[in-house]
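Chemist: The structure that follows is given in the form of structure tokens.
Any read-out appearing in this document is the output of simple, stated calculations on the displayed coordinates, not a laboratory observation. Owing to the predicted nature of the structure, the values given are computational and were not obtained by experimental measurement. All Cβ positions, even for glycine, are placed from backbone atoms using ideal geometry, and neighbour counts span all protein chains on display.
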Amino acid sequence: METFLINNGIYAALFLGLLAVAVAIILAIKVRAADSGTEIMREIASAIEEGAKAYLRRQIMTISAIATVLFFLIFYFKGGATALGFLIGAGCSLLAGYIGMRVAVIANVRTAQAATKGAQQALRVAFNGGSVTGLLVVGLALLSVGGFYLSADAYFAQPNHKNALDALVGLALGGSLISVFARLGGGIYTKAADVGADLVGKIEQNLEEDDPRNPATIADNVGDNVGDCAGMAADVFETYAVSLVGCVLVAGLSFADHPQYIIFPFLLCGLAVIASIIGILFINIGNLKPSNALLAGVALSAIIAGALFFPLAYTMFPDNNEWVKVYVPALIGLAMTFITVIITNYYTATNYAPVRKIARASETGHATNIIAGLAVGLHATLFPVFFIGLAILVSYAFHGLYGIAIAVVSMLSLSGIIISLDAFGPITDNAGGLAVMSKLPKEVRQITDELDAIGNTMKAVTKGYAIASAGLAALVLFSSYVHELQVNRLITDPNAPPIVFTLEDPIILIGLFIGGVLPFLFVAYTMDAVGKAAGAVVREVRRQIAAKPGILNHTEKPEYGTCVDIVTKAALREMIFPALLPIIAVLLVASIPMLGAKALGGVLVGTIITGLFVAISLTSSGGAWDNAKKYIEEGNHGGKGSVAHAAAVTGDTVGDPYKDTSGPAINPMIKVVNVVAILIIPLFF
């Protein structure tokens, strides 16, 4: 059996990747067959879909122009295989984002209609819509990485797989870079529209959420799809693919003569597809409260995956209890999935103290709401970092760097069901907007609001999951950088001494400082971008209401397209520099003779450390602010129209770019820095 798995393991993983795609197609057919509601609901959903498609077309054109330039540069400096890998990674990342958007716009109107029949029906439609995205993204990542590795390995026919591994780094860069663009562009779009709509609509005109009289409301709903769905799908595709590439890289560099080390992570991901499908089916047939059902589905998937991983490890590593050394890190990765979900759920759900603390602080005004929200985000960094450190320690003790890499792959192997939770959020958010704009009964909006609050928590949970896994994955990539650096030096000089990274070296410290500041600069540019675009939306909404006072009494119709155009242009313009910032920084440090390889190593570590803290803090604060507002809107602390509610709206608008633009985009940014560093080693060092 061991020989069979070694010879056919990756093919088996590819088959399970195809299974994920097949189940996703079945779920898509099921969602599409659901009732799409009234004519007016379909008209509004069509307007949202057209806006999302128009934006994504323009984004793809912009990104493709940049990717084409990079493709030719990589082709010239690194060869055709690496350039092809870059193209495949970039293309799949774009495709993942487009799939995420298309599925969401199909599911949102059907979720709104299902809410007229009850919460359970709406939960299932929204979750199945999210599951289509989750399973398609996982299947796409597994097929692209596994298929490209097999093709490159066969093409080069190298016994040590070195050239095939180099080509895989190109795929990782393509996925990471496009993910940064998708996260930034979609994040700037959605939050500029959201903040602009809230500031004028809610605070100045006292309009309800998604009131059709608000000229920015269509842009806001479009933003949910291009940011939360398309951006998230590209992000998790990249995280999954890069983590798998990182593990294969470690296995190929450290255990070149033992192919089972390369094949094992592919099979882990394949078996986790089965576990995710069972978890998705459980949520569909269960009758638990929505939040309990979603968390129980994740727990069940993790338990099943742990059970499936045991015979795999025992079969592939039978000698000298070697199976224990790989099985325990795999269990640690699964445990980290659930630990991350629990911690983020605590800091962002309305049921627990942090969100209620922010809501209570809102009674005394805007400033105290902001202070409480910032404090929650800072507190939220402690436990994730503690458990990440513990996971690194234990995994390393069992199987060194490979143990850490297996923990990362195992953690991300459940992305199928985790992405389903994330996509569930924007689908229910859009469903609520459709319910209001279609003038459905208030009871329907209450159901969609309850699901939206759960969706906000789930979005925060999945962002915390992606960020925590990015921290572990980036550590693996840094170690690969050190290993690749030494291999490259030995090719040039067989007697070259190893490079030692020590904090006593001032060059290393300079690199740490440069890397440490990168996430802060990145966040600064992205926050500025949202602020400028949101300001333009505010001015436009004010202009329309002043020029057409009949908008407020329904005698005149808002010009929705103008706001859509404003945020589209702003997002495409503002995303370019911050997305390229990590590449520019790596190339600058590498090209300065005084700094070089040591400083660049410091840059990688500095970016990982501060990026992890900043990302967790931003996403946790943003999610908590959003749900504090929803908690007040349920009637607590004075309810809608109260002083506390006005303060909570301010907190929510500050938190919007925190949780949906800057925070999530740090995740792929960290990996772009590390992957580019690995890629340029032969060019500079």
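Chemist: Hey, could you get me the Stokes-Einstein D for the range 475-555, Kirkwood radius over alpha-carbon pairs, 20 °C and 1.002 mPa s, rounded to whole µm² s⁻¹?
Modeler: It diffuses with D of about 119 µm²/s by this estimate.
Chemist: With each run of n ≥ 4 DSSP H residues scored as -39500 (n - 2.57), what mean residue ellipticity at 222 nm is computed for the chain after dividing by its residue count and rounding to the nearest 500 deg cm²/dmol?
Modeler: Per the formula, -29500 deg cm²/dmol.
Chemist: Just to be sure I understand the model, the point goes 7 Å from the Cα along the line to the Cβ. What's the resulting ASN488 to TYR525 distance in nm?
Modeler: A separation of 2.3 nm, rounded to one decimal place.
Chemist: Continuing with this model, one more query. Could you let me know the centre-to-centre spacing of the range 477-533 and the range 62-111, using Cα atoms, in angstrom?
Modeler: 26 Å
Chemist: Continuing with this model, one more query. If the limit is 18 Å between Cα atoms, which of LYS463/LYS569; LYS202/LYS630; LYS630/LYS659 go over it?
Modeler: Correct reply: LYS463/LYS569.
Chemist: Against the longest alpha carbon principal axis of the chain, how many degrees, from 0 to 90 and to the nearest 10, is the axis of helix 290-316 turned?
Modeler: 10 degrees
Chemist: Cβ neighbours within 10 Å, averaged per peptide: list 574-586, 20-32 in order, most packed at the top.
Modeler: Per-residue Cβ counts within 10 Å, averaged per peptide and sorted highest first, yield 574-586, 20-32.
Chemist: If I compute Cα extents along the principal axes in Å from the structure I just sent, which labelled value in (1) 80, 54, 43; (2) 104, 61, 58; (3) 76, 67, 52 lines up?
Modeler: (1)
Chemist: A further question on this structure: Which one, ALA90, ASN369, LEU512, projects farthest toward the positive side of the charge dipole computed for the chain from Cβ point charges (K/R +1, D/E -1)?
Modeler: ASN369
Chemist: While we're here: About its Cα centre, how strong a charge dipole does the range 194-272 have in debye, to the nearest 20, once Lys and Arg get +1 and Asp and Glu get -1 at the Cβ?
Modeler: The dipole magnitude comes to about 520 debye.
Chemist: Would you please state which residues of the range 551-572 a label at ARG539 would reach in this model, taking the label point 7 Å out along Cα→Cβ and a backbone N cut-off of under 17 Å?
Modeler: Zone members listed by number: 562-571.
Chemist: What dipole magnitude, in Debye to the nearest 20, does the range 35-169 give about its Cα centre under +1 on Lys/Arg Cβ and -1 on Asp/Glu Cβ?
Modeler: 80 debye
Chemist: Using the Cα centre of the range 436-540 as origin and beta-carbon charges of +1 (Lys, Arg) and -1 (Asp, Glu), tell me which of ALA533, VAL436, ILE467 is placed farthest towards the positive end of the dipole.
Modeler: Value: VAL436.
Chemist: Quote to one decimal, in nm, the extra length available between ASP505 and VAL69 on full extension: 0.36 nm per residue of separation minus the C-alpha distance between them.
Modeler: Extending this stretch completely gives an extra 153.3 nm.
Chemist: Relative to the present Cα-Cα distance, how much length would full extension add between HIS366 and LEU308 at 0.36 nm per residue of separation?
Modeler: 15.8 nm
Chemist: Measuring from label point to label point, each 7 Å out along Cα→Cβ, what is the ALA22 to ALA375 span in nm?
Modeler: In this crude label model, ALA22 to ALA375 measures out at 5.5 nm.
Chemist: So, one more: Give, as a single signed number, the net charge of other residues whose beta carbon lies under 15 Å from the beta carbon of HIS379, with Lys and Arg counted +1 and Asp and Glu -1.
Modeler: Net of charged neighbours comes to +2.
Chemist: Also, I was wondering about something else. Arranged from highest to lowest average of other beta-carbon atoms within 10 Å per residue, in what order do the peptides 260-270, 673-683 appear?
Modeler: Going by the mean number of other Cβ atoms within 10 Å, highest first, we get 260-270, 673-683.
Chemist: I would also like to ask the following. To the nearest 20 Debye, how big is the dipole of the chain about its Cα centre, given +1 on the beta carbon of each Lys and Arg and -1 on that of each Asp and Glu?
Modeler: 500 debye
Chemist: What distance in nm separates the two pseudo spin-label positions at ARG57 and THR555, each 7 Å out from Cα along the beta-carbon direction?
Modeler: 3.7 nm
Chemist: Once Lys and Arg get +1 and Asp and Glu get -1 on their Cβ, which of VAL341, LEU165, THR116 lies farthest toward the positive end of the dipole of the range 2-684?
Modeler: THR116
Chemist: What FRET efficiency would be calculated for the residue pair TYR352, ALA496, taking the C-beta separation as r and a Förster radius of 60 Å, to the nearest 0.05?
Modeler: Efficiency at R0 = 60 Å is approximately 0.65.
Chemist: Can I ask one more? Length gain on complete extension for the stretch ASN284 to ASP35, per 0.36 nm per residue less the alpha carbon to alpha carbon distance?
Modeler: 87.9 nm
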